[in-house]
Amino acid sequence: MLKYMTYIFGSILVLAILAVGAYVPPTYAASAPVVLIQIQAGAAGAALQEIVVIYNNSSEEVDITGWCLQNKSSVKFACFSGDTPEEAIYLPAHSTASVSSTALSMYFEGYDFSLTYTVTNQSSGSIVGGNDTISLLDAAGEVVDRHAWTTSLVAGMIFERVVTSVDPLVYRDTDQTSDWQMTYLMRMPEDMTEVRIIEIDDSVEPASQLFFSELLPNAIGSDVGQEFIELFNPGDSDVALSGYTLWVGPELDKSYQFPIGAVIPAHSYRSFTNQEMGYSLLNTSSRVRLSVGDEIIDETPLYTDPADGQAWVLIEGNWQYTSTPTPGESNSASGVAAQEADEVNAVKPCAANQYRNEETNRCRLIAVAQTTPAPCKDNQYRSEETNRCRNIATETGPAPCAEGQERNPETNRCRNIKAIAMADYGVLGAQTGSNTGPWYLWLAIGVLVLLVLGYGIWEWRYEIGKLLQRMKGAVFARVRK
């Protein structure tokens, strides 16, 4: 039994060793040993102050022209590109390139960043501190390096890659979470990129023959990666788009550069998605333009309120909506939502008594000559302001009051005369009596006399008492006699 148990445990141990040996950590399609070393999703009290720093971890310089930073929403919020098609951006060995939001660059005024960008969300920025994934993509769109997190990044702190060597400076790159730590931004990294002039292949024809053939501004579901702008090359030669600019917006105020190496073959369509170039087509109303330098190559008319899934397409020289988008292919007239051009442009004729206003293109009534108005009646006159007849006011005295009324001298209005109420019994005639005055006056006099007498009795009570005693004694004396 022990022997069999030993075989079992031994087999399990061998399988575990083989499994560990066969495990390969997740790697990225790195076109060069360039890594992300610092990520700040927002400074303390300033959500829009973001910074991402990349580092050349090798001893060879790397061409980072066309490389972009992308968040978890697949939005390329910052891309390295030269000011002209002849310019390329190189990152020397063991050097840094700092990518900053405009809010952070304004705070560090005078500091030279490698690249600045405008945040994609004006309230939370392009990088979400609580949960996000930042990817570094090369010019072909392949992932060079990536860092993802689900633990909230405290405002004012950054994710920083762990250093494994100081001279030369080398960062740990095992594609594990242990490569990163949370710390404070101790110093602002330097911009060490170099801009160089490169030779452009002139074997392809200029893009002046290109034109827009289709736009999908309002895709069904998520717009990310679904919106597209399509160009058509009707010429006999391939066309390189390096150095040409795409302008987007109702006012054509946002510009985007085509991917490095983008070419449209002869007699072919090519569509560019919003994820590929980082632009955004409004669902309400917008347009696009293609230019090179100061020369405008092509421009679409303004589209307005496209329905979900409807594309703005060019068919037989007319721009119209269709419910059948065809990216990279010729446009289909099936499902066209707009009416035919002649029906749209047709104008209904005006009535016989109307004419068409040249400014508004609307029908308006033809003004007719005014006729002489009918005369007013004998007791009326015509108002100069309204041209209408009005009654002539006559100055007469007030109408007499009705029977049983009298005219109030104050208000000059009639009012009822108040009649004396009739009694059910005979009314006595007037009686003659003495004019003794009001009874309450005599009552007051009597009360006053009583008060005076009472006061006198109270003041002379002793004398009155002695007087009464004498009178009493005198009466008794006469009785005894």
Of all residues in segment 220-274, how many are β-branched (Val, Ile, Thr) and either in contact with a Phe, Trp or Tyr (Cβ under 7 Å, 6 or more places away or on another chain) or within 15 Å of residue 298 (Cβ to Cβ) (or both)?
-> 6
Give me the pairs: first residue in segment 107-130 and more than 21 Å from residue 55 (Cα to Cα), second residue charged (D, E, K, R), beta-carbon distance under 8 Å, and six or more apart or on different chains, which are they?
-> 119/50; 125/50; 128/72
Reported set for segment 45-64 where residues are closer than 15 Å to residue 105 by Cα and in a loop (DSSP other than H, G, I, E, B) is 47, 48, 49, 50
Taking strands (runs of 3 or more DSSP E) that fall entirely within segment 271-386, which contain at least 2 residues that are modelled with pLDDT of 80 or more and out of contact with any Pro (no Cβ under 8 Å at 6 or more places or on another chain)?
-> 288-292, 295-299, 311-315, 318-322, 380-382
Yes/no for residue 297 being more than 27 Å from the chain's Cα centre (by Cα) and surrounded by 15 or more Cβ atoms within 10 Å (Cβ to Cβ) = yes
Failed condition for residue 146, given (1) farther than 30 Å from residue 260 by Cα; (2) among the charged types (D, E, K, R); (3) under 34 Å from the mean Cα position of the chain (by Cα), with all others met?
-> (1)
Could you say whether any residue in segment 73-92 is in contact with a helix residue (DSSP H, G or I) (Cβ under 6 Å, 6 or more places away or on another chain), buried (at least 21 other Cβ atoms within 10 Å of the Cβ) and not hydroxyl-bearing (Ser, Thr, Tyr)?
-> no
Go through 264, 260 for me and flag whichever is crowded, with 16+ Cβ neighbours inside 10 Å, β-branched (Val, Ile, Thr) and either at positive phi or in contact (Cβ under 8 Å) with a residue 60 or more places away in the chain (or both).
-> 260
Given the structure, is residue 278 surrounded by 14 or more Cβ atoms within 10 Å (Cβ to Cβ) and either touching a strand residue (DSSP E or B) at 6+ places or on another chain (Cβ under 6 Å) or under 19 Å from residue 209 (Cα atoms) (or both)?
-> yes
Selection count where residues are over 20 Å from residue 34 (Cα atoms), buried (at least 21 other Cβ atoms within 10 Å of the Cβ) and polar (S, T, N, Q), scope segment 114-161 | 1
Read through the list (1) within 18 Å of residue 330 (Cα to Cα); (2) modelled with pLDDT of 90 or more, then give the number of the only condition that residue 236 fails.
-> (2)
Among the numbered criteria (1) at pLDDT 90 or above; (2) under 35 Å from the mean Cα position of the chain (by Cα); (3) of a type in the set (Gly, Ala, Ser), which single criterion is violated by residue 58?
-> (2)
From 173, 138, 145, 191, grab the single residue that is touching a helix residue (DSSP H, G or I) at 6+ places or on another chain (Cβ under 9 Å), of a type outside the set (A, V, I, L, M) and in the same structural domain as residue 71 (by TED's automatic domain parsing).
-> 173
Out of the residues in segment 445-481 that are among the aliphatic types (A, V, I, L, M) and modelled with pLDDT under 80, state the one that is surrounded by the fewest Cβ atoms within 10 Å (Cβ to Cβ).
-> 479
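The values are calculated or read from the model by the stated rules, or taken from the named source; none is laboratory data. Computed from a prediction, not measured in an experiment: that's the story for all the values here. Neighbour counts run over all protein chains shown; Cβ positions are idealised from the backbone, glycine included.
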